[in-house]
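*Asks:* Quick one: the structure is below, and I'll ask about it shortly.
The values are calculated or read from the model by the stated rules, or taken from the named source; none is laboratory data. For clarity, every value in this text was computed on a predicted model and none was experimentally measured. Here the Cβ is made from the backbone with ideal geometry for all residues, glycine too, and neighbour counts use every protein chain on show. Heavy atoms of the whole protein, side chains included, go into the accessibility calculation; ligands, DNA and RNA do not. Shrake-Rupley method; radii C 1.70, N 1.55, O 1.52, S 1.80 Å.
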There are 2 protein chains.
Amino acid sequence: MLKDIIDNNENYQPGLSIDCVIFGFHDNQLKVLLIKVERANKWSLPGGFIPVDQDIDTAAITVLNSRTGVEGIFLRQFATFGKVNRNHQHFDKKTLEYLQIEEEKGKWLMRRFVTIGYYALVDFSKILPNPTGRMEIVEWIDHKEVPELILDHREILDKALDTLRIELNLMPIGYNLLPEKFTIPELQKLYETILDKKLDRRNFLRKITNIGILTKLDEKKSNVAHKAPNLYSFDKEKYDEVLKNGLNQGW
Amino acid sequence: MLKDIIDNNENYQPGLSIDCVIFGFHDNQLKVLLIKVERANKWSLPGGFIPVDQDIDTAAITVLNSRTGVEGIFLRQFATFGKVNRNHQHFDKKTLEYLQIEEEKGKWLMRRFVTIGYYALVDFSKILPNPTGRMEIVEWIDHKEVPELILDHREILDKALDTLRIELNLMPIGYNLLPEKFTIPELQKLYETILDKKLDRRNFLRKITNIGILTKLDEKKSNVAHKAPNLYSFDKEKYDEVLKNGLNQGW
DNA sequence: CATTAATGTGTTATTATGACGCAATGTAAT
DNA sequence: ATTACATTGCGTCATAATAACACATTAATG
């Protein structure tokens, strides 16, 4: 908990934090995992601090696991945010009192903070949004309906989505966001949602299959209206290969 | 100077620094600006610390200006490096003594540091590599001949170049690296050097002119062996437009 | 059993790319 | 001066990638 960290703040990097933009996909919506601590009236990105004996990537993984309960997730650093006033007056006396943090110790929190942004892609269906033992609400929220966030978290979220959009042209995506078996229309919806743009069904199929990362299964989706679409899975080996080498070289 | 910063370390973000990979282009070589402080046997990237009352971007600009003397430069944050041991045992007692830094104050330097990486593209011809009043050697070094660097600076440099290679597909480049007037073969050499790959002359011309950011001048390069190539300049307005909107959308 | 709203599988025109050919130009050698 | 040579400028052609669209197929629904 926050109080434990502050009471032992010498074990953490001062003035430096991590914030995670955790993306999931459900009901044809790109969802973001947001949290709201008691007493707060705004939502925030899940974040944390950096133990002095942990790599920042490790600290980011810790943040992610503590909120989602899953491991082996796609996690990527995308930017660091360091405007002087980004956390100005974020913790006031009343909040510190409420959190039972001594005024002296509280100064550690009140200093200027720089935060390192990570974004994660996770399988919505595997995540339990509300792990026990935390005094906070954790919720998946459609990225188009994100309410006002604390500090510069809105800017961080936007930047994460921008990065994701750009990286969509450089790497395959979906393995981390979709269940093991999925349909092409589902994958297309994912792309359309991220890009906020309609794509042509038939051109999408051609382009996505040409990448060579999909395995067509001998199985159709059941319980659907209209024609049952075919199920696909990712060929993990080829997927990872393309992830490493990138696609769309350009030059 | 370093001693001044350490003596007033309460004015700087603790455990956080900035390192800049400054690229220039000259003699068909991609150059990197490296520095070597007295007494050190390894080179390092120009870096600095972050005043508590300055945005990190501002602090990066300061680092850049103090080393190159130019303003209005292309500067971009590309990654943050935070392995636990990245600066382990970098400053030892002897070095601190030499720098006339008290042992107590020196502890500020010995803690674990996270560094934010920026890369810059500058016009080689406009930079004075050795600004006066600094007890250090500043030098342009061909990126293929970079000697051993301190800490993880090699990793930072490699990552900067990787980023540059990727961004070459997303934005035009050259405005910041070439003189005002340049030839197509020069621009091609720049691309080839960054990508470490030969490109076809004729296809390059077609692709680069199709972007619509070049103005063909009514002037040829003089004093050259063989046929004199035509001079071009960038159409800054269109260049900035493409910079903003990006090229090669992909999806 | 026809309707409907999806999916699966094409075609065609246009554009971008990769791999070249060849003439023009200016320096350097004879 | 004439010629050789390296380099530039401006093409062509075959192939691949992309955009736009047509039509048959499928399964739930009334």
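*Asks:* Mind scanning A:K207/B:K207; A:K244/B:K189; B:K216/B:K238; B:K181/B:K220 and naming the pairs with a C-alpha gap bigger than 21 Å?
*Replies:* Result: A:K207/B:K207; A:K244/B:K189 exceed 21 Å.
*Asks:* Using only atoms on other chains, find how many Cβ atoms lie within 10 Å of each Cβ of peptide A:43-52 and report the average.
*Replies:* The shielding value for this peptide is 1.
*Asks:* Another question, if that's okay. Total accessible area buried between chains B and A, 1.4 Å probe, in Å² to the nearest 100?
*Replies:* Buried area (both sides, nearest 100 Å²): 2900 Å².
*Asks:* For the range A:85-130, run through the trypsin sites (Lys or Arg not before Pro) and keep only the ones in DSSP coil with at most 14 other Cβ atoms within 10 Å of their Cβ.
*Replies:* A:R111
*Asks:* Roughly how many percent of the accessible protein surface of chain A is carbon and sulfur, given a 1.4 Å probe and a whole-percent answer?
*Replies:* Answer for chain A: carbon and sulfur cover 47 percent of the accessible area.
*Asks:* Run the helix sum for chain A: -39,500 (n - 2.57) per DSSP H stretch of 4+ residues, divided by residue count, reported at 222 nm to the nearest 500 deg cm²/dmol.
*Replies:* About -9500 deg cm²/dmol.
*Asks:* Could you give P(r) for the range B:154-215, binned at 10 Å from zero, as whole percent values over all Cα-Cα pairs?
*Replies:* 19, 55, 22, 4
*Asks:* Still on this structure: Please work out the average accessible area per residue across the range B:131-251, using the 1.4 Å probe convention, and give it in Å².
*Replies:* For the range B:131-251, the per-residue accessible area is 58 Å².
*Asks:* Continuing with this model, one more query. How large is Rg over Rh for the range A:103-251, taking Rg from the Cα atoms and Rh as the Kirkwood inverse mean of 1/r across Cα pairs?
*Replies:* Rg/Rh for the range A:103-251 comes to 1.05.
*Asks:* If you don't mind, there's one more thing I want to ask. Could you work out, residue by residue across B:77-85, how many beta carbons of other chains sit within 10 Å of that residue's beta carbon, and then give the average as an integer?
*Replies:* 6
*Asks:* What nm distances, shortest first, do you get from the label point of A:Y98 to those in the other copies when the point sits 7 angstrom along Cα to Cβ?
*Replies:* Nearest first, the other copies' label points are 5.3 nm away.
*Asks:* May I pose another question? How large is ³J(HN,Hα), in whole Hz, for each residue of the range B:44-51 in order, when computed from phi with the Karplus curve 6.51 cos²θ - 1.76 cosθ + 1.60 and θ = phi - 60°, using x for Gly and Pro?
*Replies:* 9, 6, x, x, x, 10, 10, x
*Asks:* Go from 0 up to the bin containing the longest alpha carbon distance in the range A:83-155, width 5 Å each, and give me the % of pairs per bin.
*Replies:* Calculated P(r), rounded to whole percents: 3, 11, 16, 17, 21, 17, 10, 4, 0.
*Asks:* Classify the range B:2-167 from the C-alpha gyration tensor, please: rounded if a/c falls under 1.5, else prolate or oblate depending on whether a/b exceeds b/c.
*Replies:* Verdict is prolate for the range B:2-167.
*Asks:* Further question on the same structure: Let me know the charge dipole size of the range B:184-245 about its Cα centre in debye, to the nearest 20, where only the beta-carbon of Lys, Arg (+1) and Asp, Glu (-1) is charged.
*Replies:* The calculated dipole for the range B:184-245 is roughly 320 debye.
*Asks:* Sequence-distant or interchain residues sharing an amide H contact under 5 Å with B:L30, placed H: which?
*Replies:* Those qualifying (amide H under 5 Å, at least 5 residues apart or on another chain) are B:H143.
*Asks:* Identify which of B:G24, B:G48, B:G212 has the largest mean-square fluctuation in a Gaussian network model of chain B, with springs joining Cα atoms closer than 10 Å.
*Replies:* In this elastic network of chain B, the residue with the biggest mean-square fluctuation among B:G24, B:G48, B:G212 is B:G212.
*Asks:* Further, regarding this structure: Is there a simple number for the mean count of other chain Cβ atoms within 10 Å of the Cβ of residues in A:189-202, and what is it?
*Replies:* For this peptide, the per-residue mean of nearby foreign Cβ atoms is 1.
*Asks:* Using only alpha carbon positions, build the gyration tensor of the range A:24-78, then give the equivalent ellipsoid semi-axes as the square roots of 5 times its eigenvalues, largest first, whole angstrom.
*Replies:* 22, 18, 9
*Asks:* Turning to a different aspect of this structure: Give me the one-decimal Kirkwood hydrodynamic radius in Å for the range A:17-110, with the sum taken over alpha-carbon pairs.
*Replies:* After inverting the pairwise mean of 1/r, the radius is 15.4 Å.
*Asks:* Tell me, what ³J(HN,Hα) does each residue in the range A:89-99 have, in order and in whole Hz, if you take phi through Karplus 6.51 cos²θ - 1.76 cosθ + 1.60 with θ = phi - 60° and put x for Gly and Pro?
*Replies:* 3J(HN,Hα) across the range A:89-99, in whole Hz: 6, 6, 9, 9, 4, 4, 5, 4, 4, 4, 7.
*Asks:* Using all alpha carbons of the protein assembly as shown, what is the percent of pairwise distances in each 20 Å bin, ordered from the shortest bin to the longest?
*Replies:* All Cα pairs considered, the percentages come to 20, 49, 29, 3.
*Asks:* Projecting each Cα onto the charge dipole of chain B (Lys/Arg +1, Asp/Glu -1 at the beta carbon, about the Cα centre), which of B:I101, B:P51, B:H90 comes out farthest on the positive side?
*Replies:* It is B:H90.
*Asks:* Cα-based count: Lys pairs in the range B:2-167 below 16 Å, eight or more positions apart or different chains?
*Replies:* The result is 13.
*Asks:* Under the definition of Cα pairs under 8 Å and six or more residues apart, what whole-number percent is the relative contact order of chain B?
*Replies:* Once normalised by length, the contact order is 23 percent.
*Asks:* Would you please state the base-10 log of I(q)/I(0) at q = 0.21 1/Å for the range B:184-245, with intensities from the Debye formula using one equal scatterer on every alpha carbon?
*Replies:* So the normalised log intensities work out to -0.98.
*Asks:* Any idea what the dipole of the protein assembly as shown comes to, in debye rounded to 20, about its Cα centre with Lys/Arg Cβ at +1 and Asp/Glu Cβ at -1?
*Replies:* Computed about the Cα centre, the dipole is about 1780 debye.
*Asks:* May I pose another question? What size of dipole, in debye to the nearest 20, comes out for the range A:2-167 about its Cα centre when the only charges are +1 on Lys and Arg C-beta atoms and -1 on Asp and Glu C-beta atoms?
*Replies:* I would put it at about 340 debye.
*Asks:* Could you check the spin-label model distance between A:D142 and A:N203? Points 7 Å from the Cα along Cα→Cβ, value in nm.
*Replies:* If labels sit at A:D142 and A:N203, their model points lie 2.7 nm apart.
*Asks:* Same structure again: For chain A, set up a Gaussian network in which alpha carbons nearer than 10 Å are linked by springs, and say which option among A:V122, A:V21, A:V146 fluctuates the most.
*Replies:* Greatest mean-square fluctuation among the candidates belongs to A:V146.
*Asks:* Return the single residue from B:V37, B:V138, B:V63 with maximal mean-square fluctuation; model: Gaussian network over chain B, springs between Cα atoms under 10 Å.
*Replies:* B:V37
*Asks:* Which listed residue (B:F23, B:T209, A:P179) has the Cα farthest towards the positive end of the charge dipole for the protein assembly as shown, taking +1 on Lys and Arg C-beta and -1 on Asp and Glu C-beta about the Cα centre?
*Replies:* The Cα lying farthest towards the positive end belongs to B:T209.
*Asks:* Sticking with this one: Short version: which residues of the range B:1-42 lose at least 40 Å² of accessible area, all chains versus chain alone, 1.4 Å probe?
*Replies:* Residues shielded by partner chains are B:Q13, B:P14.
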